[in-house]
Amino acid sequence: MIEALPRMLRRHRYATLVAGIAAAIATLIACGGETPATPTSRPAAQPTTAPQATATTAPQATATTAPQATATPRPAQATATTAPAAPKGPAGSLIIARQNVGVPVGIPEACIPGCENEKFRMSVYENLFFLDTQANVIPRIGLKWDLSADTKTLDIELARGVMFHENYGELTADDVAWTFQNANPTTNPVSVNDQAGEWRTMLKSVQAIDKYKVRMNINTWQSHAIRHYLTPYYQSMGMHSKKVFDQYGVEGMKSKFVGTGPYRMVSWVKDDKAVLEALPEHWRKVAGVKSITVVAVPEVTNRKAMLEAGQADITSVSVKDTPDLEKKGFTKVLGRSGTTGTFFGGNYWETKRADTGEELKNPGYDLSGAKPWIGDINNKTDFDRAVKVRKAMALVIDRKAINNTILKGLALPNYVHGLSIQSPAFKKEWEIPYDPAQAKQLFQEAGTKPFKIQIWSGTGDPAEIASVIAAAWKEHLGVDTELSTIEYAAHRPPLVSREWNNVELRGCADSFTQYTADHPKGLETTSLSAGGTICGVTDPVRAELALQAFRENDIEKRKLIADKFWQRQYETWQFPSVVETFDWVWYNPKKIKSWDRPLEVGIGGAEIIALETIVLQ
């Protein structure tokens with residue numbers, strides 16, 4: 001119960017913001033003025049409550065009104081108010097143990113997963129906008145925005161006096177425009193940026209209007225775009241220096257890390273560590289901790305041991321370790337909650353991008369019959385046969401047993417990816433029973449003989465879950481399964497090229513259950529993400545629903561679209577879900593006094609967000 005109420009309140013605040021952004025966009029479309037959008041409140045969506053060790057009922061969250069996200073002048077330089085005995089400026093050090101330290105690449109176009117989000121999360125780079133603790137959009141490098149009435153352009157006014165590290169001068173609109181142009185495959189076809197698909201979908205181009213104003217020329221406007229892509233809420237990008245590129249070029253910039261954040265990058269070595277040092281002066285906020293070392297510790301048991309031994313001050317561990325660390329007095333904060341599903345790759349049902357009509361090649365769409373889970377969308381008989389195969393494979397997964405054994409009852413069974421069973425949007429009819437007998441019958445009806453398949457899961461708890469699923473497929477359906485745990489950066493390329501045609505066990509696309517029902521969905525499971533990461537599946541029906549949601553500023557109408565999206569997901573069995581998990585970030589309260597964290601979904605590392613706000617004991 002202790003953790004349930006804060007989570008409920010956090011979810012309520014998130015729900016409030018969504019309404020605000022919708023109202024804001026409507027106002028801008030109507031008025032086209034210079035004043036930025038101002039969120040207003042609405043009744044909170046029913047939150048998902050993390051399972052607790054004791055069965056207690058959390059108090060009902062009370063509806064509150066979120067503070068308005070108004071554009072204000074650039075935040076003033078933070079002033080020191082330390083006690084006489086305390087040292088002035090940044091002091092002390094911290095060690096953060098993570099599964100990995102990301103992929104060090106300084107130039108946006110080559111910044112693959114493990115790179116772009118990490119750079120701004122480590123407070124070395126900064127986003128255009130940020131979030132407060134209630135997930136309201138607040139100024140950062142960008143002070144305010146102005147969306148045109150036809151939603152074709154988005155003008156952003158920039159703060160003055162934002163300085164790049166290493167004497168590279170003041171950030172201007174040229175730097176912001178270059179950053180997006182370099183990352184966007186539409187304007188730079190060689191870009192493999194982590195958010196390449198998102199930038200291609202959203203942006204045609206970005207240009208400098210004057211020294212402190214940029215214009216984003218919109219390809220497809222999305223009703224959640226400001227918070228979703230221009231803040232750290234989901235995925236975003238820090239602003240880079242064009243002067244660094246002009247000096248070093250593509251190859252030289254790959255190893256140059258020049259941002260505007262409160263920390264500078266002393267060193268960053270893949271699979272080893274990243275060393276951060278606080279700047280003595282900063283345009284926005286001087287960090288409290290002088291030195292932070294982020295170390296790569298792949299094994300979760302080792303990270304837990306380091307925290308317990310005082311060798312690490314912040315880390316993330318398995319959800320199974322929650323009761324033990326609570327007993328030992330460590331403090332936890334929610335990193336994110338989300339669902340893990342089985343994505344039956346190779347079902348690429350779109351031959352053209354839904355937004356542009358661009359022809360798409362789908363080399364992984366194997367209709368030879370060698371991969372029975374893949375069905376021909378243009379052949380109803382074959383399509384229905386493959387649906388039966390995927391459904392059968394979902395029916396032999398004992399979700400409740402996986403939660404109780406592997407996850408010690410600290411998760412929740414899940415059925416529809418991205419939708420918690422505790423959400424009021426969830427329908428009982430979408431629940432997937434554990435029914436091996438029906439599964440065998442479906443296999444017989446589909447004329448399916450035993451076959452071989454691969455599951456990629458990465459390491460940790462997902463790998464354990466994947467092994468249990470593989471055993472169930474073998475026992476009940478005679479399917480032989482190969483397990484793959486290679487790191488995501490190595491696994492990703494065939495997803496981008498749409499060659500992947502096996503199963504992924506992961507939280508992909510709209511897996512975060514912090515999202516309310518009205519949140520637009522479907523980017524990475526449709527052609528709308530072509531050019532970037534796709535979760536091994538696409539569907540023209542869900543793509544059209546996604547486009548409708550992107551264009552729709554009315555929250556209630558977006559809820560109706562979401563219902564159709566989830567119904568389609570259930571009917572096709574492209575990616576049935578397995579569990580909803582809760583990822584906690586743990587820290588040592590004897591070392592850390594406070595840490596002001598925004599409400600976000602933790603892509604790129606919940607352990608390394610807003611490091612400049614940490615206050616030591």
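Being touching a Phe, Trp or Tyr at 6+ places or on another chain (Cβ under 8 Å) and assigned to a loop (DSSP other than H, G, I, E, B): is that true of E126 here? Spell out how you get there, then give the answer.
Numbers: touching a Phe, Trp or Tyr at 6+ places or on another chain (Cβ under 8 Å): yes; assigned to a loop (DSSP other than H, G, I, E, B): yes.
Criteria met by E126.
What tally of residues in the stretch 494-511 results from selecting those that are at pLDDT 85 or above, under 22 Å from G605 (Cβ atoms) and open to solvent by 10 Å² or more (accessible area, probe 1.4 Å)? Don't jump to the end; show me each part of the working.
Within the stretch 494-511, the first condition is being at pLDDT 85 or above, and the residues that meet it are 494-508, 511.
Now drop any that are not under 22 Å from G605 (Cβ atoms), which leaves 495-496, 504-508, 511.
Filter once more, so that each one left must be open to solvent by 10 Å² or more (accessible area, probe 1.4 Å): 496, 506-507.
Summing the residues that are at pLDDT 85 or above, under 22 Å from G605 (Cβ atoms) and open to solvent by 10 Å² or more (accessible area, probe 1.4 Å) in the stretch 494-511 gives 3.
How many residues does the stretch 525-545 contain that are assigned to a helix (DSSP H, G or I), in contact with a Ser or Thr (Cβ under 6 Å, 6 or more places away or on another chain) and either among the β-branched types (V, I, T) or touching a residue at least 60 places away in the same chain (Cβ under 8 Å) (or both)? It would help to see each step written out before you state the result.
Restricting attention to the stretch 525-545, the residues satisfying the condition of being assigned to a helix (DSSP H, G or I) are 525, 527-529, 540-545.
Those still in the list that are in contact with a Ser or Thr (Cβ under 6 Å, 6 or more places away or on another chain) too: 527-528, 542-543.
So of that shortlist, the ones also either among the β-branched types (V, I, T) or touching a residue at least 60 places away in the same chain (Cβ under 8 Å) (or both) come out as 527-528, 543.
Summing the residues that are assigned to a helix (DSSP H, G or I), in contact with a Ser or Thr (Cβ under 6 Å, 6 or more places away or on another chain) and either among the β-branched types (V, I, T) or touching a residue at least 60 places away in the same chain (Cβ under 8 Å) (or both) in the stretch 525-545 gives 3.
May I ask you to verify whether T448 is open to solvent by 10 Å² or more (accessible area, probe 1.4 Å) and modelled with pLDDT under 95? It would help to see each step written out before you state the result.
Working: open to solvent by 10 Å² or more (accessible area, probe 1.4 Å): yes; modelled with pLDDT under 95: yes.
Yes: the conditions hold for T448.
Scan the stretch 139-159 and tell me whether some residue there is open to solvent by 10 Å² or more (accessible area, probe 1.4 Å), hydrophobic (A, V, I, L, M, F, W, C) and farther than 30 Å from E277 by Cα. Lay out the reasoning, then the answer.
Step one: of the stretch 139-159, the residues open to solvent by 10 Å² or more (accessible area, probe 1.4 Å) are 139-140, 143-146, 148-153, 155, 157.
After this cut, where a residue has to be hydrophobic (A, V, I, L, M, F, W, C) as well, the list is 143, 145, 149.
If we keep only those that are farther than 30 Å from E277 by Cα too, we end up with 145, 149.
Yes; the residues of the stretch 139-159 include at least one that is open to solvent by 10 Å² or more (accessible area, probe 1.4 Å), hydrophobic (A, V, I, L, M, F, W, C) and farther than 30 Å from E277 by Cα.
Quick one: what pairs do we get from the stretch 553-566, first residue part of a helix (DSSP H, G or I), second acidic (D, E) and open to solvent by less than 20 Å² (accessible area, probe 1.4 Å), C-beta under 7 Å, 6+ apart or different chains?
Going by the 7 Å Cβ cut-off, the qualifying pairs are I555/D518; R558/D518; K559/D518; A562/D518.
Does H417 meet the test of being of a type outside the set (F, W, Y) and closer than 30 Å to N117 by Cα? Spell out how you get there, then give the answer.
Details: of a type outside the set (F, W, Y): yes; closer than 30 Å to N117 by Cα: yes.
So H417 fits the description; yes.
Could you grab me the full set of residues in the stretch 575-606 that are closer than 26 Å to I138 by Cα and at pLDDT 95 or above? Before the answer, list the steps.
Kept after step one, since they are closer than 26 Å to I138 by Cα, are these residues of the stretch 575-606: 583-585, 592-606.
Once the filter is applied, which keeps residues that are closer than 26 Å to I138 by Cα and at pLDDT 95 or above, the stretch 575-606 yields V585, I592, K593, S594, W595.
Go through the stretch 227-259 and count every residue that is open to solvent by 10 Å² or more (accessible area, probe 1.4 Å) and more than 30 Å from T133 (Cβ to Cβ).
The total comes to 13.
Residue-wise test of (1) buried (at least 18 other Cβ atoms within 10 Å of the Cβ); (2) out of contact with any Leu (no Cβ under 6 Å at 6 or more places or on another chain); (3) free of Cβ contacts under 8 Å to residues at least 24 places away in the same chain; (4) part of a helix (DSSP H, G or I).
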position	(1), (2), (3), (4)
F575	yes, yes, no, no
V578	yes, yes, no, no
P589	no, yes, no, no
D596	no, yes, no, no
V601	yes, yes, no, no
E612	yes, yes, no, yes
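Out of the stretch 196-224, which residues are hydroxyl-bearing (S, T, Y) and either farther than 21 Å from P520 by Cα or in contact with a Ser or Thr (Cβ under 8 Å, 6 or more places away or on another chain) (or both)? Steps first, please.
Initial filter on the stretch 196-224 (hydroxyl-bearing (S, T, Y)): 201, 205, 212, 220, 223.
Residues satisfying the conditions are T201, S205, Y212, T220.
At least 2 residues that are over 30 Å from K564 (Cα atoms) in each: list the helices (runs of 4 or more DSSP H) lying fully within the stretch 406-494 that qualify. Talk me through it step by step, then tell me what you get.
Working: elements: 436-446, 461-477, 488-491.
So the answer is 461-477, 488-491.
Test each condition in (1) touching a Leu at 6+ places or on another chain (Cβ under 8 Å); (2) open to solvent by less than 10 Å² (accessible area, probe 1.4 Å); (3) of a type outside the set (S, T, Y) for D461 and report the one that comes out false.
Result: D461 fails condition (2) only.
Anything in the stretch 520-542 that is under 15 Å from the mean Cα position of the chain (by Cα), within 18 Å of I561 (Cα to Cα) and buried (at least 24 other Cβ atoms within 10 Å of the Cβ)? List them, or say none.
Quick first cut of the stretch 520-542, residues under 15 Å from the mean Cα position of the chain (by Cα) only: 520-525, 529, 532-535.
Adding the requirement that they be within 18 Å of I561 (Cα to Cα) leaves 520-525.
Listed by number, the residues that qualify are P520, K521, G522, L523, T525.
Counting just the residues of the stretch 187-200 that are farther than 17 Å from L230 by Cβ and among the polar types (S, T, N, Q), which one comes out least open to solvent (accessible area, probe 1.4 Å)? Write out each step before concluding.
Taking the stretch 187-200 as the starting set, the residues that turn out to be farther than 17 Å from L230 by Cβ are 187-192.
From the residues that got through so far, the ones that are among the polar types (S, T, N, Q) too are 187-188, 191.
Values: T187: 52, N188: 24, S191: 8 Å².
So, considering only residues that are farther than 17 Å from L230 by Cβ and among the polar types (S, T, N, Q), the one least open to solvent (accessible area, probe 1.4 Å) is S191.
Would you mind telling me which numbered condition in (1) surrounded by fewer than 24 Cβ atoms within 10 Å (Cβ to Cβ); (2) farther than 22 Å from R390 by Cα; (3) in contact (Cβ under 8 Å) with a residue 24 or more places away in the chain Q548 fails?
Q548 satisfies all of (1) surrounded by fewer than 24 Cβ atoms within 10 Å (Cβ to Cβ); (2) farther than 22 Å from R390 by Cα; (3) in contact (Cβ under 8 Å) with a residue 24 or more places away in the chain except (3).
Inside the stretch 284-368, counting only strands (runs of 3 or more DSSP E) that do not spill past its ends, which hold 2 or more residues that are in contact (Cβ under 8 Å) with a residue 12 or more places away in the chain, among the basic types (K, R) and open to solvent by 20 Å² or more (accessible area, probe 1.4 Å)?
Values: elements: 289-296, 314-316, 331-344.
Strands (runs of 3 or more DSSP E) meeting the threshold: 331-344.
So if I check each of T572, T613, which one is modelled with pLDDT of 95 or more and farther than 22 Å from Q514 by Cβ? Spell out how you get there, then give the answer.
Numbers: T613 fails: farther than 22 Å from Q514 by Cβ.
Selected residue: T572, the only one of T572, T613 that is modelled with pLDDT of 95 or more and farther than 22 Å from Q514 by Cβ.
The values are calculated or read from the model by the stated rules, or taken from the named source; none is laboratory data. Fair warning: this is a prediction, and the values are worked out from it, not measured in the lab. All Cβ positions, even for glycine, are placed from backbone atoms using ideal geometry, and neighbour counts span all protein chains on display. We work out accessible area using only protein heavy atoms, side chains counted, and drop any ligands, DNA or RNA first. Shrake-Rupley method; radii C 1.70, N 1.55, O 1.52, S 1.80 Å.
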